[in-house]
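A.B. asks: My questions will all concern the structure given below.
Read the figures in this text as sums done on the coordinates, not as results from a lab. These figures come from a predicted structure and were not determined experimentally. With ideal geometry, Cβ positions are generated from the backbone for all residues, glycine too; neighbour counts draw on all protein chains shown.
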Amino acid sequence: MRSDYVLYTIAIIFFVLTAIIVSPFVSQAELERNLSVVATAVLGILFIGLGYLQRPKNPEIEVLEPAPTLVAITEETEVAAETAPTVTALTEVKGIGEKRAEQLKGLDINSTEKLAEASAKNLARKLKISLKITAKWIENAKKLTEKP
């Protein structure tokens, strides 16, 4: 369950408590002195604000994608896989995680080979990170691509 829904529910509970406290049996003089009315109303507003802050920022992210289908591997695809050059994943480069690999893929750098050929200065500028970090990535990618 999303946390913003829980906070909205708590806010509704506080507003119901406020309505119960402000019943027709309470006189206006008692109502003005009654701190519980103000407290429950303020708590209700507070929980609405907290629920608003906890809502998902991009509701499109919650859309579930269908699971990939399995494809049987034939002898032809096995031979093609053996003759194709090996492409190393970006996450195998020291210092690059899943999120950073996605950012690099957005810059059309899909493999360590492309990363090894990239410019550290351009990468640093486009990703808005340190030049030292991108230089280390490129150095590590070159080491990975040199391996037989």
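A.B. asks: What full-extension length gain, to one decimal in nm, is calculated for residue 99 and residue 20 as 0.36 nm per residue of separation minus the Cα-Cα distance?
C.D. replies: 23.4 nm
A.B. asks: Could you tell me whether the range 85-146 comes out rounded, prolate or oblate from its Cα gyration tensor? Rule is a ≥ b ≥ c as square roots of the eigenvalues, rounded for a/c under 1.5, then prolate if a/b exceeds b/c, otherwise oblate.
C.D. replies: Here the range 85-146 falls in the prolate category.
A.B. asks: Another question, if that's okay. Multiply the residue gap between residue 13 and residue 91 by 0.36 nm, knock off their C-alpha separation, and tell me the result in nm, one decimal place.
C.D. replies: Extra length from residue 13 to residue 91 when fully extended: 23.3 nm.
A.B. asks: What does the extension gain come out to for residue 54 and residue 3, with contour length at 0.36 nm per residue minus their alpha carbon separation?
C.D. replies: 17.7 nm
A.B. asks: Past 29 Å, Cα to Cα: identify those pairs from 99/143; 105/142; 57/142; 57/121, in the order given.
C.D. replies: Among 99/143; 105/142; 57/142; 57/121, the Cα-Cα distance tops 29 Å for 57/142; 57/121.
A.B. asks: Around residue 100, under 13 Å between beta carbons, what's the net of Lys plus Arg minus Asp minus Glu among the other residues?
C.D. replies: Once positives and negatives cancel, what remains is +3.
A.B. asks: Using each residue's phi in the range 114-126, evaluate 6.51 cos²θ - 1.76 cosθ + 1.60 at θ = phi - 60° and report the 3J(HN,Hα) Karplus result to the nearest Hz, with x for Gly and Pro.
C.D. replies: So the J values, rounded to whole Hz, are 5, 5, 5, 8, 6, 8, 4, 5, 5, 4, 4, 5, 5.
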